[in-house]
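Q: Quick one: this structure, given as structure tokens, is what I'll be asking you about.
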Amino acid sequence: MDPDSDQSTTRSPTSPPSADAELPDAESPEAGIDTSFIDAMEGRWWVLHTRSRNEKALAADLDRLHVRYFLPLVEHRRRYGGRVLPVQIPLFPGYLFLCGSPEDRLSALRTNRIANVLEVADQHRLKTDLRHIYRVVKSSEPVDLYPRLRRGCRCRVIKGTLAGLEGVVIRRRGPWRVYVGVEFLGQSAELEIAPMLLEVID
């Protein structure tokens with residue numbers, strides 16, 4: 001199975017991270033999306049906290065091992081050499097949901113792509129959450145992965161040549177463009193910075 005082939009990647013016989021995005025109402029068209037594969041996956045659920053940028057690689061390893069999992073992906077547009085191309089990125093960076101036996105869990109750990117395994121006490125609640133998440137990624141509505149980056153909030157650049165720079169969110173244009181006001185030597189400037197490069201300063 002190609003991990004980039006769909007907006008969610010699963011391997012199925014067909015406290016976890018919370019979704020910040022607004023979930024569809026039960027009466028909305030998205031509520032009719034078939035989520036029965038979640039219930040069809042037999043075994044216990046665990047939340048795997050992956051090593052940095054290892055979500056898709058872990059999913060590919062689990063495919064080869066025939067271990068069942070759910071990796072929700074959403075579409076993002078990135079610029080490559082002057083072209084803007086769609087790519088699929090994890091809805092929850094650093095997390096993948098595994099369903100199976102203790103032996104499957106050990107097989108996943110042996111891939112050396114996992115930083116931690118989170119136990120899930122309330123299995124029923126997690127499956128309900130996963131059904132909601134699946135509806136979100138399958139719906140036609142845009143998903144905001146960075147809801148805390150609101151106008152007026154302070155933020156810090158965490159990657160790239162501007163790492164460590166702090167500023168204030170001035171405005172946003174769509175889910176993938178954030179404009180940050182910063183000061184250099186007493187002078188103000190406005191920069192367009194990708195949201196995945198920013199963290200909110202509490």
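Every number in this text was worked out from the coordinates using simple rules, so none of it is lab data. This one's a predicted model, so the numbers in the text were calculated from it and none came from an experiment. Note that each Cβ is placed from the backbone with ideal geometry, even for glycine, and that neighbours are counted across all protein chains shown.
Q: Using a basic spin-label model with each label point 7 Å from the Cα along Cα→Cβ, how many nm lie between Arg148 and Arg78?
A: With each label placed 7 Å out from Cα toward Cβ, I get 2.3 nm.
Q: I want to make sure I understand the PRE zone here: with the label point 7 angstrom from the Cα of Glu192 toward its beta carbon, which residues in the range 67-107 have backbone N atoms less than 16 Å away?
A: 77-85
Q: Please list, ordered by chain and number, the residues whose modelled amide H lies under 5 Å from the amide H of Cys153; skip anything fewer than 5 residues away on the same chain.
A: The answer is Val169.
Q: If you don't mind, there's one more thing I want to ask. Given the peptides 62-75, 102-115, arrange them by the average over their residues of other C-beta atoms within 10 Å, most packed first.
A: Packing order, densest peptide first, comes out as 62-75, 102-115.
Q: Here's another thing I want to ask about it. If amide hydrogens are placed 1.01 Å from N in the peptide plane, which non-local residues have theirs closer than 5 Å to the one on Arg68?
A: Amide H neighbours of Arg68, under 5 Å, 5+ apart: Cys99.
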